[in-house]
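Report on the structure given below.
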Amino acid sequence: MIRSVPNIFKIPDLRKKIIFTLAMIVVYRLGCHIPTPGINAQALGLLLGQLRGTIFGLYDIFVGGALSRASIFALGIMPYISASIIFQLMGSVFPYLEKLQKDEEGRKKINQYTRYTTVGLAAIQATAIAVYLEQQPPTAAGPIVMMGGMFFRILTIFTLTAGTIFVMWLGEQITDKGIGNGISFIIFIGCLDSTPQDLGRTIAMVRVGELSWISLLVIAALIFGIYAGVVLLTQASRKIPVQYPKRIVGRKMYGGQTTHIPLRVATAGVIPIIFAQSLIVFPSTIATFLRFPLMETIREYLSPGGWLYNLLFAGLIIFFTYFYTSIVFNPRDIADNMQRYGGFVPGIRPGTQTASYIDRSLSLLTLPGALFLAIMALVPFYLMSVFKVPFYFGGTTLLIIVGVALDTIQQIESHLLMRHYEGLLKGAKIRGRR
């Protein structure tokens, strides 16, 4: 692989794409350190440190710590992700949106609707943040808001909303002129934000004797095994064979074609863990605002690592895996398209029986994928509690990192092989998530 890396920079087009992507990432990371006017970043960091187990802590991970730094990119790309998920879910409910999703012009229109919704969601979230921060008492580092009032709220709303729009534009520029999916790549960079600090803290613990070398080797081996398992999960699929009969065009007869339908084990990707984690930390978030004894009891029972938390978390992941898979994958549409062009699954009648066969196969395949997702989400918590690792190692960020890395490698591999250069991985077939 190391010998193949120089081949990347021998292709002018690929070299330009990589340099452009790196330049856009530098711009994004600089923006993550530009503070929002009127907010004490140090005091906000102390506040968010107390809210680490709530939805605010989860959000801060996705935006690369920009929220705890009170930067202009504090909302990150998450409003755009939320808007995209909303329209994807609505596409299975409203026939008009479902029709738009099936052609190129319709998808452009949905993309335009998504951008408008992103602006609205960003403005709403920015308003909630401005009002919430004004109401917080001073911390050990002083007041969070230096000078509140209507001017502060308007300035914060415009700043954070504009920051989200700019990050969305950066992601689209990376997709068009860079390498990989720009939106996913920005989240990927955000998930890696604390990695250098985590490595530094771990090495410091080993030096002072708080963490033994044996424990460090065991942690490294477990992390490597978990990453390998996630790669296998992301790449695993079942191929359903499809046969197309011979056909006559003019005076020529074309032979039948054999292909396959790839059913992914992890069709839903990282979405089930995001949904489940957002839902399970919601009571803790509510308990932060409502200091009732009942809410405090619920917060204690749903603290990460507890048996009730683990049970509910695993159950929600399995539920959302089936739920989201049923939305993004429609066996009926696939069966109708196959029948329209004369394709059939050997031994299965075209039409309804083919749709039922694909649906049954996908349901059976989704179960091990859902169980594996639940395991990948829970193992890091046990790793952190048993070995006392000084960093957050979550299943959500894990799947994002692996998925985006595979997508990027797959695109680089395609450029190299298309120019007849040696690929990065010999004998390996890297498939992207899309």
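Quick check on my filter: what residues within the range 188-204 are part of a loop (DSSP other than H, G, I, E, B) and over 21 Å from the mean Cα position of the chain (by Cα)? Selection gives nothing.
A quick yes/no check of all residues on (1) in a helix (DSSP H, G or I); (2) of a type in the set (Ser, Thr, Tyr); (3) within 28 Å of Ala162 (Cβ to Cβ):
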| residue | (1), (2), (3) |
| --- | --- |
| Leu75 | no, no, yes |
| Gln88 | yes, no, yes |
| Tyr96 | yes, yes, no |
| Lys109 | yes, no, yes |
| Thr117 | yes, yes, yes |
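Within the range 15-38, is even one residue modelled with pLDDT of 80 or more, in a strand (DSSP E or B) and buried (at least 16 other Cβ atoms within 10 Å of the Cβ)? So far as the range 15-38 goes, no, none of its residues is modelled with pLDDT of 80 or more, in a strand (DSSP E or B) and buried (at least 16 other Cβ atoms within 10 Å of the Cβ).
Would you call Val231 assigned to a helix (DSSP H, G or I), farther than 26 Å from Asp407 by Cβ, of a type in the set (Val, Ile, Thr) and at pLDDT 80 or above? No: the conditions fail for Val231. Report yes if some residue within the range 177-187 is under 24 Å from Gln42 (Cβ atoms), under 19 Å from the mean Cα position of the chain (by Cα), assigned by TED's automatic domain parsing to the domain that holds Ile25 and touching a residue at least 60 places away in the same chain (Cβ under 8 Å); otherwise report no. The answer is no, given that none of the residues of the range 177-187 is under 24 Å from Gln42 (Cβ atoms), under 19 Å from the mean Cα position of the chain (by Cα), assigned by TED's automatic domain parsing to the domain that holds Ile25 and touching a residue at least 60 places away in the same chain (Cβ under 8 Å).
From the list Gly163, Gly180, Gly148, Gly171, which residue is touching a helix residue (DSSP H, G or I) at 6+ places or on another chain (Cβ under 8 Å), within 30 Å of Asp407 (Cβ to Cβ) and outside any helix (DSSP H, G or I)? Please lay out each step first, then the result.
Values: Gly163 fails: outside any helix (DSSP H, G or I); Gly148 fails: within 30 Å of Asp407 (Cβ to Cβ); Gly171 fails: outside any helix (DSSP H, G or I).
Step by step, each of Gly163, Gly180, Gly148, Gly171 is checked, and only Gly180 is touching a helix residue (DSSP H, G or I) at 6+ places or on another chain (Cβ under 8 Å), within 30 Å of Asp407 (Cβ to Cβ) and outside any helix (DSSP H, G or I).
Do we have Leu89 as touching a residue at least 60 places away in the same chain (Cβ under 8 Å), in contact with a strand residue (DSSP E or B) (Cβ under 9 Å, 6 or more places away or on another chain), closer than 30 Å to Leu192 by Cβ and surrounded by fewer than 18 Cβ atoms within 10 Å (Cβ to Cβ) here? For Leu89, the condition - touching a residue at least 60 places away in the same chain (Cβ under 8 Å), in contact with a strand residue (DSSP E or B) (Cβ under 9 Å, 6 or more places away or on another chain), closer than 30 Å to Leu192 by Cβ and surrounded by fewer than 18 Cβ atoms within 10 Å (Cβ to Cβ) - is not met. Of all the residues in the range 205-215, those that are in a helix (DSSP H, G or I), under 16 Å from Leu383 (Cα atoms) and either touching a helix residue (DSSP H, G or I) at 6+ places or on another chain (Cβ under 6 Å) or of a type in the set (D, E, K, R) (or both) number 1. Considering only residues that are in a helix (DSSP H, G or I) and within 22 Å of the chain's Cα centre (by Cα), look in the range 49-64 and name the one that is modelled with the lowest pLDDT. Within the range 49-64, the match that is modelled with the lowest pLDDT is Ile55.
Of Ala122, Ala126, which residue is in contact with a Ser or Thr (Cβ under 6 Å, 6 or more places away or on another chain), closer than 22 Å to Leu46 by Cα and without any contact (Cβ under 8 Å) to a residue 60 or more places away in the chain? Walk me through how you get there before you give the answer.
Working: Ala122 fails: closer than 22 Å to Leu46 by Cα.
Result of the check over Ala122, Ala126: Ala126.
On the basis of being assigned by TED's automatic domain parsing to the domain that holds Ile271, in contact (Cβ under 8 Å) with a residue 40 or more places away in the chain and not charged (D, E, K, R), does Thr354 make the cut?
no
Please go through the range 299-333 and pick out each residue that is modelled with pLDDT under 70 and surrounded by 14 or more Cβ atoms within 10 Å (Cβ to Cβ). Within the range 299-333, Arg299, Leu302, Pro304 qualify.
So, in the range 107-119, of the ones that are free of Cβ contacts under 8 Å to residues at least 24 places away in the same chain and of a type outside the set (Lys, Arg), which residue ends up nearest to Phe94 (Cα to Cα)?
For the range 107-119, the residue satisfying everything is Ile110.
For the range 130-144, enumerate the residues that are among the hydrophobic types (A, V, I, L, M, F, W, C) and either closer than 19 Å to Pro79 by Cα or touching a Ser or Thr at 6+ places or on another chain (Cβ under 9 Å) (or both). Hits for the range 130-144 are Ala130, Val131, Leu133.
The values are calculated or read from the model by the stated rules, or taken from the named source; none is laboratory data. Because the structure is predicted, anything quoted here is derived from the model rather than measured. Please note: Cβ atoms are built from the backbone with ideal geometry, for glycine as well, and neighbour counts cover all protein chains shown.
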